[in-house]
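Values in this text are rule-based calculations from the coordinates and carry no lab data. Just so you know, these numbers come straight off a predicted model, no measurement behind them. Don't worry about glycine lacking a Cβ; one is built from the backbone with ideal geometry, like all the others, and counts go over all protein chains shown.
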Amino acid sequence: MKTDRPEPTEEAIEAAVFRRLLEHLDENKAVQNIDLMNLAGFCRNCLSKWYVAAAEERGVAVDYEAARERVYGIPYGEWKSRYQAEATAEQVAAFEGARKG
């Protein structure tokens, strides 16, 4: 989307929105990645992959695990053990159905 704002201003706004999204996800840990995938087609891991890809496009090497820590706010393994619940059969079925559809 093209605006009349200078590019640095636009990038600052977009960066603030990204930080707010991460904050929102952090405040809503009960929302599982599979729920996000089923409802929105992306999850915290997707954001991590997009972070790595955006860095690479700019010639910056970012390790996937470092990107995950940026998105999750703590190392992924720690987040997973603290907050990730086992997916229900319904969640898995919805995920598989969305992948096929």
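Observations, loosely collected:
- Here the spin labels are modelled as points 7 Å beyond Cα on the Cα-Cβ line, and at A40 and L22 they lie 1.5 nm apart.
- Simple Cβ-charge dipole of the chain, Lys/Arg +1 and Asp/Glu -1, about Cα centre, in debye nearest 20: 180
- Selected from E11, E56, E65 as most flexible by GNM, with the chain as the system and alpha-carbon contacts under 10 Å: E11
- Stretch gain in nm, segment E7-V31, where the contour uses 0.36 nm per residue and the Cα spacing is subtracted: 5.3 nm
- Among (1) 129; (2) 213; (3) 105, the entry derived from the coordinates for volume of the Cα convex hull per residue in Å³: (1)
- Where only DSSP H runs of four or more residues are counted, the chain gives -22000 deg cm²/dmol as its mean residue ellipticity at 222 nm, each run worth -39500 (n - 2.57).
- Positive-end residue of F42, A66, A54, charge dipole of the chain with Cβ unit charges: F42
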